[in-house]
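Report on the structure given below.
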Amino acid sequence: MTACALASPSPESSFHTLSPAQCAPPSKAGYNGPLAATWDTYKPYVRACPLTSAKAPAKLWLLTVFAQPYLDDHPAETAWPNFPRPLLVTADGHCLARLPELFPFDEPRTLSLRYGSPLDGMPAEIRVHVSNPAVGGDYDLPVLHWMPAQHAYIAQNNTDEYTKDDMTCRN
């Protein structure tokens, strides 16, 4: 019985990890949708990260500002900028969910995003782990599940750090 359990693929093995190296300026990443005016200041640092498997083209992108290159180019800024929050969007720019922290780096935290197998072409589940060197330590953001009927990702739980509402688009 144990051998059978070990031979079966675990649900974890169906998850893909989004690498920051997969992120590129929006047009180079295959994203041609709009950016809100609040992103204009950071446009050279905006990255679109396709959430896709090798089997199909992306239907979902994470739009985020890469903070470190921005900070490197603006050494005179002493306060952490008010970067727009990352968005999970479709090709036409429709927001399906948002993250309350920047990917891949939101000083001093680093985020790791993992997404599950597709359901109707969209990752069925999205999980974000936050590595936090501060006293509070590491934590996870609320898990996002794809809900085709709502055409949105819905957070499944609150955490000590964030509520389900923190993951909802501000449309």
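The values are calculated or read from the model by the stated rules, or taken from the named source; none is laboratory data. This one's a predicted model, so the numbers in the text were calculated from it and none came from an experiment. Please note: Cβ atoms are built from the backbone with ideal geometry, for glycine as well, and neighbour counts cover all protein chains shown. We work out accessible area using only protein heavy atoms, side chains counted, and drop any ligands, DNA or RNA first. Shrake-Rupley method; radii C 1.70, N 1.55, O 1.52, S 1.80 Å.
With respect to the conditions (1) part of a loop (DSSP other than H, G, I, E, B); (2) in contact with a Phe, Trp or Tyr (Cβ under 9 Å, 6 or more places away or on another chain); (3) of a type in the set (A, V, I, L, M), A149 falls short on a single one, namely (2). Residues that are touching a strand residue (DSSP E or B) at 6+ places or on another chain (Cβ under 7 Å), within 22 Å of R47 (Cβ to Cβ) and of a type in the set (D, E) within segment 94-139 comprise just one, E101. The set of residues in segment 94-107 that are touching a helix residue (DSSP H, G or I) at 6+ places or on another chain (Cβ under 6 Å), of a type in the set (F, W, Y) and open to solvent by less than 20 Å² (accessible area, probe 1.4 Å) is empty. Among the residues of segment 112-121, the ones that are hydrophobic (A, V, I, L, M, F, W, C) and either open to solvent by 10 Å² or more (accessible area, probe 1.4 Å) or part of a loop (DSSP other than H, G, I, E, B) (or both) come to 1 in all.
Conditions (1) buried (at least 20 other Cβ atoms within 10 Å of the Cβ); (2) over 19 Å from L18 (Cβ atoms); (3) without any contact (Cβ under 8 Å) to a residue 12 or more places away in the chain, marked per residue:
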{"site": "L62", "(1), (2), (3)": "yes, no, no"}
{"site": "A79", "(1), (2), (3)": "no, yes, yes"}
{"site": "T110", "(1), (2), (3)": "no, no, no"}
{"site": "L141", "(1), (2), (3)": "yes, no, no"}
{"site": "E161", "(1), (2), (3)": "no, yes, no"}
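Do you know which of the residues in segment 127-139 that are farther than 15 Å from M167 by Cβ and hydrophobic (A, V, I, L, M, F, W, C) is most open to solvent (accessible area, probe 1.4 Å)? Across segment 127-139, the extreme among qualifying residues is V135. Consider segment 146-155 and keep the residues that are without any contact (Cβ under 8 Å) to a residue 24 or more places away in the chain and open to solvent by 80 Å² or more (accessible area, probe 1.4 Å). The one that is nearest to L87 (Cα to Cα) is Q150.
Just to be sure, is E101 among the charged types (D, E, K, R) and either modelled with pLDDT under 95 or assigned to a helix (DSSP H, G or I) (or both)?
Answer is no for this residue.
Among the residues of segment 59-72, those that are touching a helix residue (DSSP H, G or I) at 6+ places or on another chain (Cβ under 8 Å) and either modelled with pLDDT under 95 or not in a loop (DSSP other than H, G, I, E, B) (or both) comprise W61, L63, V65, A67, P69, Y70.
Can you confirm whether segment 53-60 contains a residue that is out of contact with any His (no Cβ under 7 Å at 6 or more places or on another chain) and within 24 Å of D166 (Cα to Cα)? Looking through segment 53-60, at least one residue is out of contact with any His (no Cβ under 7 Å at 6 or more places or on another chain) and within 24 Å of D166 (Cα to Cα). Quick one: H129 ticks every box in (1) assigned to a strand (DSSP E or B); (2) in contact (Cβ under 8 Å) with a residue 24 or more places away in the chain except a single one, so which number is it? Unmet condition: (2). The single residue among A91, A124 that is open to solvent by 40 Å² or more (accessible area, probe 1.4 Å), touching a Gly at 6+ places or on another chain (Cβ under 8 Å) and not acidic (D, E) turns out to be A91.
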